[in-house]
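The values are calculated or read from the model by the stated rules, or taken from the named source; none is laboratory data. Quick caveat: nothing in here was measured; it's all calculated off a predicted structure. Note that we place each Cβ from the backbone using ideal geometry, even for glycine, and neighbour counts take in every protein chain shown. Surface areas here come from the heavy atoms of the whole protein model, side chains and all, with no ligands, DNA or RNA. Shrake-Rupley method; radii C 1.70, N 1.55, O 1.52, S 1.80 Å.
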Amino acid sequence: VMDEEKPITLNWNWVTEPPTLDPSLTTDTTSVDGTQNLFVGLTAIDPVTSEVIPYLATDWAAGEDEEGNQTWTFNLRDDIAWVKYDPNTGETTQEVDEEGNPRFVKPSDVEYGVKRTINPDTGSQYAYVLYIIKNAQEVNEGSEELTLDDVGVTSDDEAGTVTFTLATPAPFFPSIASMWVTYPMPQWAIDEWENKWIEAGLISTNGPYVLEEWIHGGSLNFVKNPLWINADDVQIERVEG
């Protein structure tokens with residue numbers, strides 16, 4: 001007889017504690033494993049076919065701007081919630097904004113995340129992956145003439161789109177859009193908590209799992225996000241490591 005009280009649990013050997021769960025700062029495979037379960041990317045890579053498949057973005061298309069630069073515009077779904085887990089109550093609730101409206105992932109969250117990775121103050125070691133974006137390299141390397149406003153990423157929350165303008169054409173850009181350095185990130189949480197924002201109880205996430213507990217040098221546990229769009233398909237309810 002199955003014990004219905006015990007959640008389906010994966011005992012995961014992280015091998016080493018991830019140095020970070022911040023998508024902008026992630027460089028190692030352990031941190032990638034963590035961030036990929038906590039956050040949603042614009043696209044995903046099919047594990048069987050290696051094809052680029054929709055994730056946060058429903059579809060995307062290449063184009064050109066007035067100067068002839070290649071652009072990639074992604075149409076985003078509007079039903080992925082930003083959530084917060086309360087370690088004291090064990091509850092996952094949807095975040096709300098200053099007006100009390102529920103927070104869903106928006107194109108501007110993607111723009112913020114990408115520009116945060118490129119911002120030299122962030123110290124991302126993987127920012128170079130984004131140098132294909134117009135002015136990203138110059139800004140990341142500390143240009144005195146250009147600012148983050150000049151980086152080729154724009155969002156339109158009303159239209160539900162985020163557009164990347166590239167420095168050189170790149171048919172593979174939708175693959176780059178699957179990487180953690182392009183994840184939408186919660187500016188309100190980062191502004192409030194700064195480098196502590198990734199700690200349990202403070203972190204805002206949007207993926208299939210939430211961070212239940214992170215005792216540095218001890219345990220790192222995830223639990224299923226009940227507000228995830230495909231929660232019914234997430235069979236493993238706990239990841240304990």
* **Rg to Rh, two decimals, where the chain supplies the alpha carbon set and Rh follows Kirkwood** => 0.98
* Taking the chain as the reference, fit the longest principal axis to its C-alpha atoms, fit the long axis of helix 29-38 to the helix C-alpha atoms, and give the angle between the two in degrees, 0 to 90, nearest 10. => 80
* **Check: the stretch 166-241 dipole with +1 on Lys, Arg Cβ and -1 on Asp, Glu Cβ, in debye** => 220
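How high is the relative contact order of the stretch 118-199, given as a whole-number percent (alpha carbon pairs under 8 Å, six or more residues apart)? Before the final figure, lay out the partial values.
Values: 73 pairs, mean separation 19.7, N = 82.
Across the stretch 118-199, relative contact order equals 24 percent.
Total Lys pairs in the chain closer than 19 Å by alpha-carbon, pairs eight or more apart in sequence or interchain only? Present the calculation step by step, with values, prior to reporting the outcome.
Values: K6/K224; K84/K106; K84/K196; K84/K224; K106/K115; K115/K134.
For the chain, the number of qualifying lysine pairs is 6.
With a 1.4 Å probe and every protein chain kept in, tell me what percent of the accessible surface of the chain is carbon plus sulfur.
Values: 5810 of 12360 Å².
Carbon plus sulfur share of accessible area: 47 percent.
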* Over the chain, calculate the relative contact order: mean separation of alpha carbon pairs under 8 Å at least 6 apart, over the residue count, as a percent. => 27
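For the stretch 104-241, what is the relative contact order in percent, using Cα pairs closer than 8 Å and at least 6 residues apart in sequence?
Numbers: 199 pairs, mean separation 28.0, N = 138.
After rounding, I find 20 percent.
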* Asked: For the stretch 120-198, with the dipole built from +1 on Lys and Arg beta-carbon atoms and -1 on Asp and Glu ones, taken about the Cα centre, which of L166, T122, V153 lies farthest toward the positive end?
  -> L166
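Taking the Cβ-Cβ separation of N88 and E51 as r and a Förster radius of 35 Å, what is the calculated FRET efficiency to the nearest 0.05?
Step by step, r from the Cβ atoms, then E = 0.25.
Count the DSSP beta bridges whose two residues both fall in the chain, then state the antiparallel fraction as a percent rounded to the nearest 5.
Numbers: 36 of 39 bridges.
DSSP beta bridges in the chain are roughly 90 percent antiparallel.
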* Determine the per residue accessible area of the stretch 126-184 with all protein chains present and a 1.4 angstrom probe, expressed in square angstrom. => 46
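Assuming a ≥ b ≥ c are the square roots of the Cα gyration tensor eigenvalues, decide whether the stretch 1-113 counts as rounded (a/c under 1.5), prolate (otherwise, with a/b larger than b/c) or oblate. Kindly include the intermediate steps, with their values, before the conclusion.
Working: a/c = 1.96, a/b = 1.48, b/c = 1.33.
Prolate shape, in that a/c is at least 1.5 and a/b is the bigger ratio.
So which GluC sites (Glu not before Pro) in the stretch 154-241 are both in a DSSP loop and have at most 12 other Cβ atoms within 10 Å of their Cβ? Mind dumping the intermediate values first?
Numbers: sites: E158, E192, E194, E199, E212, E213, E237, E240; in loops: E158, E199, E237.
When the GluC sites (Glu not before Pro) of the stretch 154-241 are filtered for loop state and at most 12 Cβ neighbours within 10 Å, E158 remain.
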* Asked: Can you tell which of W72, A62, F104 lies farthest toward the positive end of the dipole of the stretch 47-149, using +1 and -1 charges on the Cβ of basic and acidic side chains (Lys, Arg; Asp, Glu)?
  -> F104
* **Karplus-derived 3J(HN,Hα), 6.51/-1.76/1.60, for each residue of the stretch 43-60, Hz, glycine and proline x** => 10, 9, 9, 4, x, 8, 9, 6, 6, 7, 10, x, 9, 5, 7, 7, 6, 7
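With +1 on the Cβ of every Lys and Arg and -1 on the Cβ of every Asp and Glu, and nothing else charged, how large is the dipole of the stretch 67-211 about its Cα centre, in debye rounded to the nearest 20?
Using Cβ point charges on Lys, Arg, Asp and Glu, the stretch 67-211 gives about 640 debye.
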* Structure fact -> So the angle from the long Cα axis of helix 107-118 to the longest Cα principal axis of the chain, reported in degrees to the nearest 10, equals 80
